[in-house]
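Contents: one structure, followed by commentary.
The values are calculated or read from the model by the stated rules, or taken from the named source; none is laboratory data. These numbers were taken from a predicted model, which means no experiment stands behind them. Here Cβ is always computed from backbone atoms with ideal geometry, including for glycine, and neighbour counts include all displayed protein chains.
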Ligand SMILES: C[S@@+](CC[C@H](N)C(=O)[O-])C[C@H]1O[C@@H](n2cnc3c(N)ncnc32)[C@H](O)[C@@H]1O
C-alpha cells in the first residue's frame with residue numbers, strides 16, 4: 001500500500017497518525033454532500049449530468065479509496081471540497097499560471113487531486129499542474145474519478161513520499177528543484193511528527209522558485225499553543241502534532257526561509273464536522 005498504511009493487530013497507521021483499527025468507521029453514504037459549486041465542477045469535469053449518476057459514480061470510487069487507506073477525509077467525503085479555490089492566495093496562484101512563463105503548481109498529498117483539477121479548470125495551464133501522493137493507487141483513482149487517462153489528461157500525477165524529498169539529490173537529479181511557483185498542501189502536514197513537519201517544510205522551500213511571489217499554502221489542524229492535540233475525527237480520537245499560528249509563522253519566517261524574506265499569513269478557523277468542533281489553520285507563505 002505504498003507505505004501509507006501499516007497494519008498490526010490493533011493499529012492502523014496513516015502516515016504518522018495511529019488509528020485504532022477497530023474504531024475505523026464503516027462507510028456511511030448519508031455523509032455524501034455537494035455544494036452547488038462542487039456539483040457543477042464535478043459534473044463538468046467528469047461528464048455526468050445527472051445527480052444520482054454522479055453520486056453513484058463518486059460512491060463507487062470512494063469505496064475503492066477507503067479500502068486503500070481509510071482516511072477520515074475519504075470517509076467524510078471531504079475530498080469533494082474545492083479547498084484550493086477557497087484560499088486567500090488562490091487568485092494569486094491563477095495569476096502566476098497566467099503570467100509567469102512555465103509556472104508549475106504542485107498539489108502535494110493530493111489523494112484524488114481534486115485541487116489540481118480545480119486549478120487547471122480555472123485556467124492554470126494543466127500541463128504544468130502536478131498532483132502528487134504517496135499512494136499511486138489514489139493517483140490511479142484520480143483518473144477513475146474524473147474519467148480520464150494519462151493520455152487524455154495533460155496534468156502530471158506523480159507518486160512520492162513528501163517528507164522524504166531529498167534536497168541533495170533533487171539538486172542534481174530532479175528538475176523540479178527551485179522550479180515550482182505554487183505548492184498547495186491540504187490536510188497533509190498534520191499527518192506527521194513535529195520533526196517531519198520541519199523536514200517537509202524545508203523540502204518544499206527547496207522546490208519553490210526563487211522568484212518573488214512564489215507561494216506555498218495549505219490547511220491543517222491548528223491549535224492556540226503548539227503541541228500534541230487530540231482530535232476527534234469520524235468518531236475516534238487521534239493524537240496529532242499541531243502548530244499555532246505563531247510557531248507556524250516563525251518556522252517559515254526565520255527557520256525555513258531567511259527572516260524577512262517571506263510573508264506568512266495564518267488564520268485559525270473553527271470547523272464543525274458533524275457534532276465535533278475542530279480548529280483548522282489556513283496559511284500561506286509568499287516569497288518577497
Ligand atoms: C488527509 S488526506 C488529504 C487529501 C487531500 N489533500 C484533501 O485535502 O482532500 C492526506 C493525503 O496525504 C497522502 N500522504 C500521506 N503520507 C504521505 C507522504 N508521506 N507523502 C505524500 N503524500 C502522503 C495520503 O495518501 C492522502 O492522500
Assigned to a loop (DSSP other than H, G, I, E, B), at pLDDT below 95, exposed (fewer than 12 other Cβ atoms within 10 Å of the Cβ) and not assigned by TED's automatic domain parsing to the domain that holds residue 230 - does that describe any residue in region 18-40?
yes
Do the conditions hold for residue 240, that is, is it assigned to a strand (DSSP E or B), touching a strand residue (DSSP E or B) at 6+ places or on another chain (Cβ under 9 Å) and not assigned by TED's automatic domain parsing to the domain that holds residue 71?
yes
Residues of region 71-88 being in a loop (DSSP other than H, G, I, E, B), within 16 Å of the ligand (Cβ to nearest atom) and over 21 Å from residue 161 (Cα atoms), in sequence order, are 76, 77, 81, 82, 83, 87
Every listed condition ((1) part of a helix (DSSP H, G or I); (2) under 23 Å from residue 153 (Cβ atoms)) holds for residue 48 save (1)
Among the candidates 102, 166, single out the residue that is within 16 Å of the ligand (Cβ to nearest atom), within 21 Å of residue 214 (Cα to Cα), at pLDDT below 95 and surrounded by fewer than 22 Cβ atoms within 10 Å (Cβ to Cβ).
166
What's the number of the only condition in (1) in the same structural domain as residue 22 (by TED's automatic domain parsing); (2) away from the ligand (no atom under 16 Å from the Cβ); (3) crowded, with 19+ Cβ neighbours inside 10 Å that residue 54 fails to meet?
(3)
Residue 134: within 16 Å of the ligand (Cβ to nearest atom) and modelled with pLDDT under 95, yes or no?
yes
Within region 169-213, track down each residue that is in a helix (DSSP H, G or I), modelled with pLDDT of 90 or more and over 15 Å from the mean Cα position of the chain (by Cα).
194, 195, 196, 198, 199, 202, 203, 205, 206, 207
How many residues does region 1-17 hold that are at pLDDT 80 or above and in contact with a strand residue (DSSP E or B) (Cβ under 7 Å, 6 or more places away or on another chain)?
6
Can you name every residue in region 204-226 that is surrounded by fewer than 21 Cβ atoms within 10 Å (Cβ to Cβ) and within 16 Å of the ligand (Cβ to nearest atom)?
206
